[in-house]
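What follows is one structure encoded as structure tokens, with my remarks underneath.
The values are calculated or read from the model by the stated rules, or taken from the named source; none is laboratory data. Because the structure is predicted, anything quoted here is derived from the model rather than measured. Every residue, glycine among them, receives a Cβ derived from its backbone with ideal geometry; neighbour counts consider all protein chains shown.
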Amino acid sequence: MPLEVYLKITDKETGKVEYYDRSHSWNIGMLVVLFISYAQASPSNQYKDTGGTLRTYSTPADNSRWWGSAVAGSGVDSFGILVGTDSTTEDPEDDNLVQKCAQGTGTGQLQYGSCVVGNAVNASGTMSFSIARQISNNSGATITLREVGLYLGICVSTTQYYICCIRDVIGDTPVTTGSTKIAEYIITMVN
């Protein structure tokens, strides 16, 4: 049963799909997340977070945080689906977007809506779920997206850090001022 990931970017106002392709870039972060889920330990006891720091996974003492969560709230630009403007080729060792667009309304900034994980669906032998986020531009100028990433929150003791699991370089996708795009990762298993 192959596992495939697709990335889709849709214009919210028109419904037009502006980008759709199979994801090319699961990276080392995703392997770490899978290892942690099966072994309940970090590979070699450490992983690299988005700040480039080696961390050791541990179960939260109070179980108040979900490790591996992509469910980021509105305005949060540390995990969930994030976007950037750089077109440097993907690398399996990527641990961050090269030029992430920060949350805000200033030059080069975008406004991130909540990141939503859809229910798993089984349709004629194809099982899938999606992770989606609205991204709005209120900066006063067009911002051209060239990279998209999926980040998860990982807990170390009682502190949450973030790990980049997917980084995709896409063709130039302009987000004009006042417009909103929907970035969506669709994860499927085909029977």
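Out of everything in segment 99-150 that is touching a Pro at 6+ places or on another chain (Cβ under 8 Å) and aliphatic (A, V, I, L, M), what residue ends up being nearest to Tyr19 (Cα to Cα)? Spell out the reasoning first.
Taking segment 99-150 as the starting set, the residues that turn out to be touching a Pro at 6+ places or on another chain (Cβ under 8 Å) are 142-145.
From what is left, the residues that are aliphatic (A, V, I, L, M) are 143, 145.
Values: Ile143: 16, Leu145: 11 Å.
If we take residues in segment 99-150 being touching a Pro at 6+ places or on another chain (Cβ under 8 Å) and aliphatic (A, V, I, L, M), then Leu145 is nearest to Tyr19 (Cα to Cα).
Could you tell me which numbered condition Arg146 fails, if it satisfies all but one of (1) over 15 Å from the mean Cα position of the chain (by Cα); (2) modelled with pLDDT of 85 or more; (3) part of a strand (DSSP E or B)?
With (1) over 15 Å from the mean Cα position of the chain (by Cα); (2) modelled with pLDDT of 85 or more; (3) part of a strand (DSSP E or B) applied to Arg146, the lone miss is (1).
On the given criteria, is Ser87 assigned to a strand (DSSP E or B) and polar (S, T, N, Q)?
Criteria not met by Ser87.
Here's the yes/no breakdown for (1) part of a strand (DSSP E or B); (2) within 13 Å of Asp49 (Cβ to Cβ); (3) at pLDDT below 95; (4) not basic (Lys, Arg):
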| residue | (1), (2), (3), (4) |
| --- | --- |
| Ile154 | yes, yes, yes, yes |
| Gln160 | yes, yes, yes, yes |
| Cys165 | yes, yes, yes, yes |
| Gly171 | yes, no, yes, yes |
| Gly178 | no, no, no, yes |
| Glu184 | yes, no, no, yes |
| Met189 | yes, no, yes, yes |
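Regarding Ile135, is this residue touching a Lys or Arg at 6+ places or on another chain (Cβ under 7 Å) and either at pLDDT below 95 or not in a loop (DSSP other than H, G, I, E, B) (or both)? Step through it out loud before you land on a result.
On the way: touching a Lys or Arg at 6+ places or on another chain (Cβ under 7 Å): yes; either at pLDDT below 95 or not in a loop (DSSP other than H, G, I, E, B) (or both): yes.
Taking the combined requirement at face value, the residue satisfies it.
Could you tell me which numbered condition Asn122 fails, if it satisfies all but one of (1) out of contact with any strand residue (DSSP E or B) (no Cβ under 8 Å at 6 or more places or on another chain); (2) in a loop (DSSP other than H, G, I, E, B)?
All conditions pass for Asn122, except number (2).
Only one of these conditions is not met by Tyr57: (1) touching a Ser or Thr at 6+ places or on another chain (Cβ under 9 Å); (2) assigned to a loop (DSSP other than H, G, I, E, B); (3) at pLDDT 70 or above; (4) hydroxyl-bearing (Ser, Thr, Tyr). Which number is it?
Exception for Tyr57: condition (3).
Find all pairs meeting these conditions: Cβ atoms under 7 angstrom apart; at least six residues apart or on different chains; first residue within segment 118-138 and farther than 18 Å from Asn191 by Cβ; second residue aromatic (Phe, Trp, Tyr) and surrounded by fewer than 19 Cβ atoms within 10 Å (Cβ to Cβ).
What qualifies is Gly118/Phe129; Asn119/Phe129.
Name every residue in segment 139-180 that is free of Cβ contacts under 8 Å to residues at least 60 places away in the same chain and within 23 Å of Leu34 (Cβ to Cβ), in order of residue number.
Of everything in segment 139-180, just one residue is free of Cβ contacts under 8 Å to residues at least 60 places away in the same chain and within 23 Å of Leu34 (Cβ to Cβ), namely Thr159.
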